[in-house]
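One structure is given here, and the rest of the page talks about it.
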Amino acid sequence: MTSRAYSRTEHLRSLWPWLPLWLLVGFLAVFSHGPMPLYSTRTLAVAWEMWSHGHWLVPHINGAPYSEKVPLLFWMIHAGWFVFGVNDIWPRVLEVLFGGIELMLLATLARRLFPNRPWIAKAAPWMLLSLCYAFLFGLQIMYDVLLAVWALAALLCLTPAAHRTEPRWLLFGLCLGAGLLTKGPVMLLHVLFPWLLGPLWNDWAQQHRARWYGRGLLSVVLGAAILLAWALPAGFSGGDAYRQRLFFTQTAARVVSSVDSAEPLQSHSRHFWWYLLWLPVLMFPLSAWPRASAALVMLRRPLEPGLRFALCWLLPTFIIFSLISGKQLYYPLPELAGGALLLAGAIALLRERHPTLANNGWLGTWPLGIGGMLFGVFLFLLPMLVAHNELHGEWVDAAADHSRFFSIVFVLLGALLLLRGRGEMRRLAFAGLIGTLALNTLFTLTLWHKYDLNPSAHLLGAADAEDRVIGYLGNYEGQFHFEGRLRQPIVELKEGASLQNFAQAHPNGLVVARPAKLDADDLRYSLLVQPFRSSWIVIWPASSLADLRAGHTPPEPEQPTQIYPIDEWRHRTMP
């Protein structure tokens, strides 16, 4: 066997067992319930509208060009629909595959940066897959996991390989272009600082500064050219308003304020220290592992290139994200891979330089073990607490019927984390992944019916097929379009004259309302009632709702209101 073939074999062996474990758990979780409103349903709505109306160049949502997103993810969804037909299975499979690719890229990046420390390449993907938030958000049909793939691929192009020290500039530019087509200019923020600070961690960059920056700049130009190759024809095809938002308003908002949704900027405005407060949540359970914290505290100069790379990536990017007023927890999702890389490198140095601390039992996973067992005990006692009126609430009342089955899982995971000896990091990663899967499953059994909009979407889809016009009181975000296979836009309405004019123009139309509480009229005159999050979805005949709002009594409906499954706690809130 040649050395190159042997190297490939070793790389494949290193994927076992974390990659099969990720795929198994990911597919179990992503198919335990349907696409989540409003993140996943909005992405599917845009993909469906592009598909159903032939808008291959310009993303559309609710009948209008959608300047907030670029099209690569939608094109990838369409590729699967060409082969398998329109469905929500392929987009969910894509997200799990993106997560697996991200883990593989992280392992390869660690192998490049720490060629003399193979343990880091084995440990980094385990640490990344253990992160609870990254796993749960990775189940959403959104752009950020694919963006993380392109960011890691671009950074990998900058790192030296055994047979080549100069970066692969062409591939770097192509990965930049793919990232720009995934989520726009914010892609540059995820890869900019490792390139700008290259001489601090890369020997080739230090020795060839002119070529490093010159060719890197050409790669950035190539990535921008790829984005413009789509944006220029899309801008002229989408009309003046779309072109204005795409090239000026929306692009500037992404660069300056990192806004990537149709919501106003102030809804995402946070303080400078907001990410710092949420960092333990983003990095949980690694943030609750004392050995990881000790490894970071014990880092001392001189640092080897891999650790300098991680710091050049994470620290300035984190500062910039903190300075931007618009913040969401998923914005720095690609940097969580960098956090896993930094922790793996720090722990490897701790094992080498401070073997006593590396084997100290007090720095083990026992706090997580105790926490897991206590949470398991709480789940076991939950039905008793609810039955004796000691504890009540939307979640606890719903979870009480199933909590004792899951208590066993968390007690066993807690006991696993109390074990000592070799394999501590893998036990932590396994417990984090399985514990997150258990919580996701508990959510599916207890609360998913409050997020499942299929009954409403199917009713609206049937009305759309009959050419009945549909209105929505408030801001509509595409949550019904894909599941209902709607082909016509939903009209956004307001209470008062807007609603009355709509009912007069479309007497056989429907109106979707979202009241915080139900009253007797909702259950008597509407077509459908179902819970949604902490409120309700109520679908009305437009004329009936307009009559009620005007103080008149509408005619009795031909059929009783469809009321979809409501748990006991919800029944207590109904009149």
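Identification of strands (runs of 3 or more DSSP E) wholly contained in the stretch 510-550 with 2 or more residues that are farther than 15 Å from ARG468 by Cβ yields 528-532, 535-541. What are the residues in the stretch 351-393 that are modelled with pLDDT under 95, within 30 Å of LEU296 (Cα to Cα) and not hydrophobic (A, V, I, L, M, F, W, C), if any? Residues satisfying the conditions are ARG351, GLU352, ARG353, HIS354, PRO355, THR356, ASN359, ASN360, GLY361.
The residue that is modelled with the highest pLDDT, counting only those in the stretch 259-275 that are in contact with a helix residue (DSSP H, G or I) (Cβ under 7 Å, 6 or more places away or on another chain) and part of a helix (DSSP H, G or I), is TYR275.
Which ones in the stretch 515-528 are touching a residue at least 40 places away in the same chain (Cβ under 8 Å) and surrounded by 14 or more Cβ atoms within 10 Å (Cβ to Cβ)?
Result: LEU518, LEU523, LEU527, LEU528.
Taking the listed residues LEU97, LEU44, the one that is open to solvent by 20 Å² or more (accessible area, probe 1.4 Å) and at negative phi is LEU97, with no other qualifying. Checking the structure you have, find out if any residue of the stretch 86-93 is closer than 22 Å to GLY435 by Cβ, at pLDDT 95 or above, of a type outside the set (A, V, I, L, M) and in a helix (DSSP H, G or I). Scanning the stretch 86-93, I find at least one residue that is closer than 22 Å to GLY435 by Cβ, at pLDDT 95 or above, of a type outside the set (A, V, I, L, M) and in a helix (DSSP H, G or I), so the answer is yes.
Output yes when any residue across the stretch 557-566 is in a strand (DSSP E or B), loosely packed, with under 15 Cβ neighbours inside 10 Å and not hydroxyl-bearing (Ser, Thr, Tyr), and no when none is. Yes, the conditions are met somewhere in the stretch 557-566. Being open to solvent by less than 50 Å² (accessible area, probe 1.4 Å) and over 27 Å from the mean Cα position of the chain (by Cα), is that true of even one residue in the stretch 351-359? Scanning the stretch 351-359 turns up at least one residue that is open to solvent by less than 50 Å² (accessible area, probe 1.4 Å) and over 27 Å from the mean Cα position of the chain (by Cα).
No other residue among ALA497, ALA503, ALA546, ALA542 is at pLDDT 95 or above and out of contact with any helix residue (DSSP H, G or I) (no Cβ under 7 Å at 6 or more places or on another chain) apart from ALA497. The set of residues in the stretch 66-91 being open to solvent by 10 Å² or more (accessible area, probe 1.4 Å), under 18 Å from ARG485 (Cα atoms) and not aromatic (Phe, Trp, Tyr) consists of GLY85, VAL86, ASN87, ASP88, ILE89. For the stretch 327-348, which residues satisfy the criterion of being in contact with a Leu (Cβ under 7 Å, 6 or more places away or on another chain) and either open to solvent by less than 10 Å² (accessible area, probe 1.4 Å) or in a helix (DSSP H, G or I) (or both)? Passing the criteria: PRO334, GLU335, LEU336, ALA337, GLY338, GLY339, ALA340, LEU341, LEU342, LEU343, GLY345, ALA346.
Touching a Ser or Thr at 6+ places or on another chain (Cβ under 7 Å) and either closer than 20 Å to TRP48 by Cβ or in a helix (DSSP H, G or I) (or both): is that true of LEU103 in this structure? No: the conditions fail for LEU103. Contact map, the stretch 536-560: first residue in contact (Cβ under 8 Å) with a residue 60 or more places away in the chain, second residue in a strand (DSSP E or B) and open to solvent by less than 100 Å² (accessible area, probe 1.4 Å), Cβ cut-off under 6 Å, separation 6 or more or different chains; pairs are ILE537/GLN530; ILE539/LEU510; ILE539/VAL512; ILE539/LEU528; ALA542/VAL511.
Within the stretch 378-399, which residues are over 21 Å from PHE430 (Cβ atoms), hydrophobic (A, V, I, L, M, F, W, C) and either open to solvent by less than 50 Å² (accessible area, probe 1.4 Å) or free of Cβ contacts under 8 Å to residues at least 40 places away in the same chain (or both)?
The answer is PHE378, PHE380, LEU381, LEU382, MET384, LEU385, VAL386, ALA387, LEU391, VAL396, ALA398, ALA399.
PRO531 satisfies every condition listed in (1) in contact with a Lys or Arg (Cβ under 7 Å, 6 or more places away or on another chain); (2) without any contact (Cβ under 8 Å) to a residue 60 or more places away in the chain except (2).
The values are calculated or read from the model by the stated rules, or taken from the named source; none is laboratory data. As the structure is a prediction and not an experimental result, all values here were calculated from the model. A quick note on method: Cβ atoms are made from the backbone with ideal geometry, for glycine too, and the neighbour counts reach across all protein chains shown. Calculation scope for accessible area: heavy atoms of the full protein, side chains included, ligands and nucleic acids excluded. Shrake-Rupley method; radii C 1.70, N 1.55, O 1.52, S 1.80 Å.
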